[in-house]
1. Would you be able to say whether some residue in segment 81-92 is within 19 Å of the chain's Cα centre (by Cα), open to solvent by 90 Å² or more (accessible area, probe 1.4 Å) and farther than 30 Å from SER358 by Cβ?
2. Can you name the strands (runs of 3 or more DSSP E) wholly within segment 294-363 that have at least 1 residues being at pLDDT 90 or above and open to solvent by 60 Å² or more (accessible area, probe 1.4 Å)?
3. If a residue must be of a type in the set (A, V, I, L, M), outside any helix (DSSP H, G or I) and closer than 20 Å to ARG133 by Cα, how many such residues does segment 201-230 contain?
4. Report every pair of residues separated by at least 6 positions or lying on different chains whose Cβ atoms are under 8 Å apart, first residue within segment 327-347 and touching a residue at least 60 places away in the same chain (Cβ under 8 Å), second open to solvent by 70 Å² or more (accessible area, probe 1.4 Å).
5. Determine, yes or no, whether ARG237 is open to solvent by 30 Å² or more (accessible area, probe 1.4 Å) and either of a type outside the set (Asp, Glu) or touching a residue at least 40 places away in the same chain (Cβ under 8 Å) (or both).
6. So, in segment 231-262, how many residues would count as being within 21 Å of VAL197 (Cα to Cα) and over 27 Å from the mean Cα position of the chain (by Cα)?
7. How many residues, within segment 23-55, are open to solvent by 20 Å² or more (accessible area, probe 1.4 Å), of a type outside the set (D, E, K, R) and touching a strand residue (DSSP E or B) at 6+ places or on another chain (Cβ under 9 Å)?
8. Quick check: anything in segment 254-262 modelled with pLDDT of 95 or more, out of contact with any strand residue (DSSP E or B) (no Cβ under 7 Å at 6 or more places or on another chain) and either among the polar types (S, T, N, Q) or assigned to a helix (DSSP H, G or I) (or both)?
Amino acid sequence: MPLDRLSFQGLRNLQAIDFQPGSRINLVTGDNGSGKTSLLEGIHVLGMGRSFRTRQMRHVIAHDADGLVLHGRLAGDPPLPFGVRRRRDESELEIRLSGERVNRLSRLVETLPLQLINPDAFRLLEGPPGGRREFLDWGVFHVKHDFLEAWQRARRALKHRNALLRHDRMEDASLSVWEREFVHWSDRIDAMRNAWVDAFFPVFEETLAGLTPLPGLQLRYSRGWDRRRELGEILKRGREVDRQMGFTQQGPQRADLAIRLDRRPAVEVLSRGQQKLVVSALKLAQGRLLEAATGRQCLYLIDDLPAELDSAHRKVFCHLLESMHCQAFITSVDKGALADMWQPATPVAMFHVKRSPSGEGQLAPLERQTS
């Protein structure tokens with residue numbers, strides 16, 4: 001179900017906005033610093049409970065505001081209103097679904113599955129494994145209902161084992177208890193990740209082929225410990241080394257999704273434009289698999305789509321996106337760079353963010369120009 005209403009107050013440099021986005025493609029243009037990315041950030045906070053620009057939520061609040069209030073509504077019968085609020089003098093995010101306050105962030109993430117394609121998305125290729133694990137686990141979380149419990153229980157067991165490792169005197173009996181717990185839930189996590197990866201790979205390959213031919217590009221899932229050995233054996237034999245290091249060195253917390261081209265890291269071989277297409281294929285394939293597995297559609301936030309892509313590849317990207325019949329919010333400095341990329345039958349809503357004399361961004365709808 002697409003968003004049919006958005007209302008933001010106290011969001012960075014944007015004036016209070018209340019508008020009805022289009023159900024499919026939403027193009028947001030404006031000068032640098034006008035607030036385009038802030039608009040995407042607001043939707044991201046609304047769906048993920050966190051910003052993609054800062055770890056400190058207080059920095060998302062406008063400097064002269066007491067707090068941040070973000071509301072959205074998903075179309076349906078009946079429609080589903082939801083929202084988040086964060087006061088400047090508080091550390092907790094207040095979440096409401098259908099008017100009821102909820103305490104689990106996972107409920108918010110389930111409500112609005114979204115994927116972000118922005119300059120930071122290149123970290124999937126060039127960054128540390130943590131970003132790729134997050135990408136992997138987002139997909140598993142949305143299609144495997146018991147994944148969250150397994151992940152939380154494994155994390156708890158890992159925390160206790162690490163605490164015991166840092167004690168001056170290790171207690172083997174206590175270590176064994178938490179190791180058994182950790183192994184049990186780690187095996188569950190690995191099984192769910194493996195099943196998701198097996199389903200994801202063909203969807204990714206098809207999506208990438210629709211954007212650019214890259215024969216030889218491969219994804220390889222690494223579970224975080226030696227596939228030839230049981231995790232319990234590894235943990236028991238590695239206690240002394242883990243104690244010296246102060247943490248558990250092997251387990252699902254070390255998993256990775258390697259992206260290689262002709263046996264070399266893809267980031268070392270591909271041009272910047274090719275990297276953006278690979279990252280985009282990963283993100284779009286996430287949504288396609290989500291829809292195939294659950295019937296739910298993913299929302300896409302795409303910041304500065306024209307960057308790194310020539311006109312031909314922009315058009316290919318846009319045609320693939322519109323063929324998915326999803327809702328997307330796309331920003332660009334240049335209105336003309338994307339305005340003519342869409343089929344005449346595709347619903348395209350256009351908005352412009354303009355800086356006021358006070359420096360605040362004002363959002364205004366525009367008419368779509370058709371040839």
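1. no
2. By residue number, 348-355.
3. Of the residues in that region, 2 qualify.
4. Qualifying pairs under 8 Å: VAL333/ASP31; VAL333/ASN32; ALA339/GLN369.
5. Answer is yes for this residue.
6. 2
7. Number satisfying all stated conditions: 5.
8. yes
The values are calculated or read from the model by the stated rules, or taken from the named source; none is laboratory data. None of these values were measured; they are calculated from a predicted model. Cβ coordinates were reconstructed from backbone atoms using ideal geometry, including for glycine residues, and neighbour counts include every protein chain displayed. For the accessible areas, the whole protein counts, side chains as well, though only heavy atoms, and no ligand, DNA or RNA atoms are used. Shrake-Rupley method; radii C 1.70, N 1.55, O 1.52, S 1.80 Å.
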